[in-house]
Every structure is written in C-alpha cells, then in structure tokens.
Amino acid sequence: MRRKDREMNADFALKITDKCEWATLATVCDGKPYCVPLTIVRIDDFVYFHTAKEGQKIDCLKSCADVCLCCVGDTNRLNSEFSTEYESAIIYGKASEVTDGQEKITALKALCQRHTPKNMPNFDDAIKQSLSRTGVWKISIDEIYGKRKKYDKDGKEMKFGRME
C-alpha cells in the first residue's frame, strides 16, 4: 500500500466488508482482467455471493480461483477541496463454488437478510422456485487490507488508524 499513513487494521476492513452496499470482484480470464459488481455477505472467514450458473464471471472463476474483492464503505466529497473522504477494504482470496445445499441456503438467507430484510417473509418460496438455478460462490479471506481518508471535527486528517 502506497499510503501507509491511511492504512487501517483488519478489523476495520472487515467492518467495511460487512457494511458496503456492493463490492467489485476482480478476476483474470485468458490473460485479461475482468471485474463485476456484486452484492455480498460475510460469514466468518468467507465472503459469499450469488450468481447465475453460467456466463463470463463463472468461466473466469472456473479457470482461475485467485480473486480480489474491493469493498467501499462511506464516502464524502469535500466541497472545500478536490478530495474525497473514503473507507475501503481489499480482500485477496480463492473463490470456490458452493455445492452443499444447506450451505447455499444459509448463504442466500444471509444475503437476503442483509440486502432485502423486508422481503424475508418470501424467502422460503423464492428458495423453492430458484435454488436449483442459482449459483452461490464463496471467497476465502486469505488477505485483507483497510484504508481510509477521514478528517476529525477540527479538520485534521486522522492518520495511522486513528479513530475519533
């Protein structure tokens, strides 16, 4: 990381992973980079996402399990300068398809609880209709890094993991 003064610890990075609205998954397929936005949920040391069972993303994941996931938390564009407050997490890991039925349902339920909690009364019906055609993948969290640019109430940048 170039800006070590903005580096945050792994606990901070996990909190960003847990609260980001969506993340971007980066893969390499046939020597070319490919990235795609995802909705995610973390369960212990894995990040789960749902997907179709075929397509470019699946082809990439099957050809190379090494992935990078970028999560962005809160941002704030500053009006007084050409800059932005931000917080982010980068995860390196290996992606694998979830084939166990119960693990798939657990991951999908956690995804739905996180992203569409008001629709949970319809979860069981949705699972009955679409589980067989829904892919679920997980990413092992092998490395995680957090970074932040934020100012305190006095306008001083909080460096080296300093919290308010």
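The values are calculated or read from the model by the stated rules, or taken from the named source; none is laboratory data. Quick caveat, the model's predicted, so the values are computed rather than measured. Here the Cβ is made from the backbone with ideal geometry for all residues, glycine too, and neighbour counts use every protein chain on show. In case anyone asks, the SASA skips ligands and DNA or RNA and just uses the protein heavy atoms, side chains included. Shrake-Rupley method; radii C 1.70, N 1.55, O 1.52, S 1.80 Å.
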Check: For the range 1-51, which residues satisfy the criterion of being of a type in the set (Gly, Ala, Ser) and modelled with pLDDT under 95?
Finding: ALA10, ALA13, GLY31
Notebook entry, point to check: Counting just the residues of the range 102-137 that are among the basic types (Lys, Arg) and out of contact with any Lys or Arg (no Cβ under 7 Å at 6 or more places or on another chain), which one comes out farthest from VAL41 (Cα to Cα)?
Noted result: LYS128
Note to self: Under 7 Å between Cβ atoms, which residue pairs at least 6 apart in sequence (or on different chains) link something in the range 88-113 that is open to solvent by less than 50 Å² (accessible area, probe 1.4 Å) with a partner that is assigned to a helix (DSSP H, G or I) and among the basic types (Lys, Arg)?
What the structure shows: VAL98/LYS104
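How about the range 46-73: which of its residues are over 13 Å from LYS138 (Cα atoms) and surrounded by 13 or more Cβ atoms within 10 Å (Cβ to Cβ)?
Within the range 46-73, LYS57, ASP59, CYS60, CYS64, CYS70, CYS71, VAL72, GLY73 qualify.
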Margin query: Step by step: first the residues of the range 9-45, then only those that are over 19 Å from GLN113 (Cβ atoms) and in contact with a helix residue (DSSP H, G or I) (Cβ under 8 Å, 6 or more places away or on another chain), then the one that is most open to solvent (accessible area, probe 1.4 Å). Which residue is that?
Written below: ASP30
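Tell me, which strands (runs of 3 or more DSSP E) wholly within the range 75-164 include 3 or more residues that are at pLDDT below 95?
Of the strands (runs of 3 or more DSSP E) lying wholly inside the range 75-164, those with at least 3 residues that are at pLDDT below 95 span 84-97, 143-149.
Identify all residues within the range 132-149 that are farther than 24 Å from VAL67 by Cβ and either within 21 Å of the chain's Cα centre (by Cα) or surrounded by 11 or more Cβ atoms within 10 Å (Cβ to Cβ) (or both); write none if there are none.
Selection gives LYS149 alone.
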